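The values are calculated or read from the model by the stated rules, or taken from the named source; none is laboratory data. Just so it is clear, the structure is predicted and the values come from calculations on it, not from any experiment. Here Cβ is always computed from backbone atoms with ideal geometry, including for glycine, and neighbour counts include all displayed protein chains.
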Amino acid sequence: MLLSSLAGIQEGKDAIVEEGGIAALVEAIEDGLVKGKEFAVLTLLQLCVESVRDPGLLVSEGGIPPLVALSHTGSVRAKHKAETLLGYLR
């Protein structure tokens, strides 16, 4: 939840990316609990929507397969967020 709050401001976005946060968020989507997956995908959505560089980083960190899986098997909220993010990445 903290990363989601940080992703709401530019300095926070920069810090998350610089400290390897995208890889950690992808891992949370793969291996986390339901709420953790929801917050991870929300944070990735916040990072990628207004950025030119971050969507490419998400792809290079292997984020697409876990997002596709989450869009099929996650909670209703996680599915919606994953689908939104995948649509944005197209």
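Does ALA15 qualify as being part of a helix (DSSP H, G or I), of a type in the set (A, V, I, L, M) and more than 9 Å from the chain's Cα centre (by Cα)? I'd like the intermediate steps shown before the answer.
Values: part of a helix (DSSP H, G or I): yes; of a type in the set (A, V, I, L, M): yes; more than 9 Å from the chain's Cα centre (by Cα): yes.
Yes; evaluated as a whole, the condition is true for this residue.
(1) over 18 Å from SER4 (Cβ atoms); (2) out of contact with any Ser or Thr (no Cβ under 8 Å at 6 or more places or on another chain); (3) surrounded by 15 or more Cβ atoms within 10 Å (Cβ to Cβ): which one isn't true of HIS72, the others all being true?
All conditions pass for HIS72, except number (3).
Those residues that are more than 16 Å from SER5 (Cβ to Cβ) and at pLDDT below 95, I need them from region 35-48; list them, please.
Initial filter on region 35-48 (more than 16 Å from SER5 (Cβ to Cβ)): 37, 48.
Result: CYS48, single match.
Pull up region 69-90, narrow it to residues that are over 12 Å from the mean Cα position of the chain (by Cα) and among the aliphatic types (A, V, I, L, M), then point me to the one that is nearest to LYS35 (Cα to Cα).
Of everything passing the filter in region 69-90, VAL76 is nearest to LYS35 (Cα to Cα).
Residue by residue through region 1-20, note down the ones that are small (Gly, Ala, Ser) and either without any contact (Cβ under 8 Å) to a residue 24 or more places away in the chain or touching a His at 6+ places or on another chain (Cβ under 8 Å) (or both). So that I can check it myself, show each step before the final result.
Pass one, region 1-20, residues small (Gly, Ala, Ser): 4-5, 7-8, 12, 15, 20.
Correct list: SER5, GLY12, ALA15, GLY20.
What is the residue count in region 47-58 for residues that are surrounded by 14 or more Cβ atoms within 10 Å (Cβ to Cβ) and out of contact with any Lys or Arg (no Cβ under 9 Å at 6 or more places or on another chain)?
Final tally of qualifying residues: 4.
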